[in-house]
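Derivation of every value follows stated rules applied to the coordinates shown; laboratory data play no part. These numbers were taken from a predicted model, which means no experiment stands behind them. Cβ sites come from the backbone with ideal geometry, for glycine too, and all protein chains shown count toward neighbours.
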Amino acid sequence: MTFKQKGPLMSFDPFDFKNAMPVINEDSEFFPLMSSEDEEEMNNEQVPDALPILPLRNTVLFPGVVIPITVGRDKSIKLIRDANKGTRMIGVAAQKDVAVEDPTFEQLHQVGTVAVIIKMLQMPDGNTTVILQGKKRFYLKEEVQTEPYIKATIEPFKEVKPKEDKEYKAMISSIKDMAMNIIQLSPNIPSEAGIAIRNIESNSFLINFISSNMNADMSVKQGLLEVANRREMANQVLGHLTTELQMLELKNQIQTRVRVDLDKQQRDYFLNQQLKTIQEELGGNTPDLELENLRERGAKKKWDVEVKKHFNKELEKLARINPAAADYSVQINYLELLLDLPWNEFTKDNFDLKRAEKVLDKDHFGLDKVKQRIIEYLAVLKLKHDMKAPILCLVGPPGVGKTSLGKSIAKALGRKYVRMALGGIRDEAEIRGHRKTYIGAMPGRIIQSVKKAGAANPVFILDEIDKVGSDFRGDPSSALLEVLDPEQNNSFYDHYVEMDFDLSNVMFIATANSLSSIQPALLDRMEIIEVNGYTIEEKVEIAKQHLLPKQREAHGLKTRDVAIKPDVIEKIIEDYTRESGVRGLEKKIGSVVRGVAKNIALDEIYNPSVSKKDVERILGAPIFDKDLYENNNNAGVVTGLAWTSVGGDILFIEASLSPGKGKLTLTGSLGDVMKESAVIALAYLRAHAARFNIDGRLFDQWDVHVHVPAGATPKDGPSAGITMLTALTSAFTQRKVKQNLAMTGEITLRGRVLPVGGIKEKILAAKRANIKEIILCKSNQKDILEIKESYIKDLQFHYVTEMREVIELALLNEKVDEPLDLTIKQPVKAELN
């Protein structure tokens, strides 16, 4: 049973929704105990056929009982104010679900209580408290209005009055005695409650009064309210009181077991023991139990002596902290992190190299160099059984499968897989963690990821390592130096953990689109593996084996519903995508599959085998024209090969001449390096004009304009050097450039051709543009040898070391159709009179 503490005659707790009632003392005239005559008068009181219904969230009102209710809903406030102006009589019904903010008529219990508003109080906090007294029970019959509040017709609740025999009187006497015993055993219940119970004359009101105030859930009280037979209701109340009395007696027994008369120090100790015993009986947890649990978990860990010593020291520190202090939860979180970290806990590596090869080949087509490196690592680990994990860095354009390759490696090794996106990270604490002294401190993401993996040797993907930033909060790239150094990461120090953690068994795999933005010291710690773009043949196979099945599954189609032949896939690749990876290709295939899905959903007749016409109907007109670059009728226009962050591409160098004084103009959003290449090319051509049958005086009488189309796109790099030289030579000689020819290479003033990077991407771009011949530096021949011969069988490569070789290979002896007149104009001599 629950009663309020002593206080003034009329005191209410506006926040106690469950068991609120006025305080009662011996002199109370506000709460006259209901007699049998009062009860009969209440039962005979006329009640309207329809009443406004007030939903109660956390309490049940019984007839005759007075309770205060805090009203918070706008509808309820409106209802109370309207009723207070009229008959002051309302209907009260409990909600079925207390979580519902605005219950409907169907969400109310069908049995409620007619109530009279005794008083309405405006509380200092702005809430409205209304004091209600229950009158009689009713059935909700039919809803007559929903706004501004619920109003419903009601019908009287048919009660079965018990026979006043000896058994019933004994039951009522037992209820009264048990209630008195509960009040005596409960130190929080005031003695005035016993006075109130002793003075109650009406048996039915006694049952209602105890039902309202006993310690039971709202569902139990609602069940009692719905019992029509008073004898049955009294029987149920007696059962609940018996259970509550037994619980109180058990509690007193527990207190008796730990009550010992000792000095203050020992008394405090045994009070804590008493609390512990109570918590054990209730199934709860105490600070001592938490310490014991942490100690037991620590005993099972496989950590080193230093870590174990540190953990025990921190555990002792926790024991000295007051559980109510703020530092207590911080220390608990720290100790739980130490326990959750996988100290010396490893997953078993799978050394079946044949299986590993099959897994890698199944998940990824091509990428032979990467697969070979993984198999080499597995082979050494199988032989040595102990090896510092390498730090691999997969570099390549987007969409080539760098990140997904990490999952395949983890599957092949049988290790846990963790991925950490580094893009946009600017705070060093993201890597090394915060010190525990900071509010909201937490470990770095490296430690968090290892904890998430649950093993000390996962495959750890550091995604987009070239996108790491830096600002006033620190330099995450510098923090990664220790993580990615095989000689140092066996003792990685996180500011939050405050202990060295061994990362040497973690297989870190970094991914990047470009190496130019990676800190040199960080780059030096990683083994660079280039993941170049795919050839058309490789893309076709990837689409057949991976992309099409994936898109079919994503769109709810089966194999028989849609099929795309290799020649159709090749058309999608050539006409609708221009990339090194396959991300754009996957989107286009997804569009085609969606087009087929629409036909199926609309029950339209269609051919499951997608044709080239179907592709154009779904995707529209081709976006890219591969035959755009075959014309060589203009002097000074040469095709070059370029590398971009999304793969290879071709570009044009246009050189034109106009009468002038030898001025050089460069346009096309060129960077400093590219501008220097144009200056070097023109300087070399002027110095060796005779070698190319060019009159040196032309350079002083004609202005030169070099332009690279797509002027809004910034361009830079040295690889356009030989292309600019060829364009200038073609312009000054008016000779045609060989058809279907492209080139790439850096030049020097001495006439040397130097190697450049991104060769595979450039070769793929040349194939897409239907280029047949390519001029490269001889030092780049090794890059060509890494490409499968079947992929480049239609290309002819020319390897050069000198500029003159480039001109001999690129320019024909044939003049363009409409050559400029580049004859030297002799200056007119002035005649003397």
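Kirkwood's formula applied to the C-alpha pairs of segment 36-156 gives a hydrodynamic radius of 14.4 angstrom.
Just list whichever of Lys675/Lys782; Lys161/Lys221; Lys539/Lys736; Lys675/Lys762 have alpha carbons separated by over 25 Å in the model shown. Pairs exceeding 25 Å: Lys675/Lys782; Lys539/Lys736. Counting Lys and Arg as +1 and Asp and Glu as -1 over every other residue whose Cβ lies under 14 Å from the Cβ of Lys358, the net charge comes to +1. When the Cα gyration tensor is reduced to axis lengths a ≥ b ≥ c, the ratio a/c is 1.5 or higher for segment 285-340, and with a/b above b/c it is classed as prolate. Would you mind checking the pairs Lys558/Lys613; Lys302/Lys402; Lys558/Lys588 and listing those with alpha carbons more than 27 angstrom apart? Distance filter (> 27 Å) returns Lys302/Lys402.
Ranked by the mean number of other Cβ atoms within 10 Å of their residues, highest first, the peptides 664-672, 54-62, 787-795 come out as 54-62, 664-672, 787-795. Among beta bridges from DSSP that stay inside segment 36-156, the antiparallel ones total about 85%.
For the chain, the relative contact order comes to 7 percent (Cα pairs under 8 Å, sequence separation of at least 6).
Take the alpha carbon gyration tensor of segment 637-815, find the square roots of its eigenvalues, order them as a ≥ b ≥ c, and report rounded if a/c is under 1.5; if not, report prolate when a/b exceeds b/c, else oblate. Cα axes put segment 637-815 in the prolate bin. Electrostatic bookkeeping for Thr128 treats Lys and Arg as +1 and Asp and Glu as -1; over the other residues with beta carbon under 14 Å from its beta carbon, the sum is +2. Seen from Lys661, the other residues with C-beta closer than 11 Å to its C-beta sum to a net charge of -1, counting Lys and Arg as +1 and Asp and Glu as -1. In the chain, helical runs assigned H by DSSP with n ≥ 4 each contribute -39500 (n - 2.57); averaged across all residues and rounded to the nearest 500, the mean residue ellipticity at 222 nm is -12000 deg cm²/dmol.
For Lys663, a cut-off of 13 angstrom between C-alpha atoms picks up these aspartates and glutamates, skipping any fewer than 8 places away in its own chain: Asp700, Asp703.
Could you tell me the center-to-center distance, by alpha carbons, between segment 359-418 and segment 148-175 in angstrom? So the separation of the two Cα centres works out to 77 Å. Full extension of the segment from Leu291 to Glu808, taken as 0.36 nm per residue of separation minus the current Cα-Cα distance, would add 177.7 nm. Each peptide among 205-214, 532-541 gets the average number of other Cβ atoms lying within 10 Å of its residues, and from highest to lowest they stand as 205-214, 532-541.
Backbone phi angles across segment 100-109, fed through the Karplus curve with coefficients 6.51, -1.76 and 1.60 (θ = phi - 60°), yield HN-Hα couplings of 6, 6, 10, x, 8, 4, 5, 8, 10, 5 Hz in residue order; Gly and Pro are listed as x. Mean sequence separation of contacting Cα pairs (under 8 Å, at least six apart), scaled by the length of segment 765-817, corresponds to a relative contact order of 42 percent.
Restricting attention to the chain, close to 55% of DSSP beta bridges with both partner residues there are antiparallel. Between Glu314 and Phe346, the FRET efficiency estimated from the beta carbon spacing at R0 = 22 angstrom works out to 0.35. Would you mind classifying segment 472-514 by shape? Square roots of the alpha carbon gyration tensor eigenvalues, ordered a ≥ b ≥ c; an a/c under 1.5 is rounded, otherwise it is prolate if a/b is larger than b/c and oblate if not. Taking the square roots of the gyration eigenvalues as a ≥ b ≥ c, segment 472-514 is oblate. Each of Ser174 and Ser514 was given a label point 7 Å from its Cα along the Cα-to-Cβ line. The distance between the two points is 8.8 nm. FRET efficiency for the Asp125 to Lys96 pair, using the beta carbon distance and R₀ = 30 Å, is estimated at 0.55.
Ordered from longest to shortest, the equivalent ellipsoid semi-axes for segment 416-540 are 27, 17, 14 Å, each the square root of 5 times a Cα gyration tensor eigenvalue. Among beta bridges identified by DSSP and lying wholly in segment 637-815, the antiparallel ones come to about 55 percent.
At an R0 of 35 angstrom, the distance between the Cβ atoms of Asp817 and Ile618 translates into a FRET efficiency of 0.25. Extension gain for the segment Ser329 to Asp703, taken as residue separation times 0.36 nm less the Cα-Cα distance, is 126.9 nm to one decimal. On full extension, the segment bounded by Gln184 and Ile439 gains 87.1 nm, given 0.36 nm per residue less the C-alpha separation.
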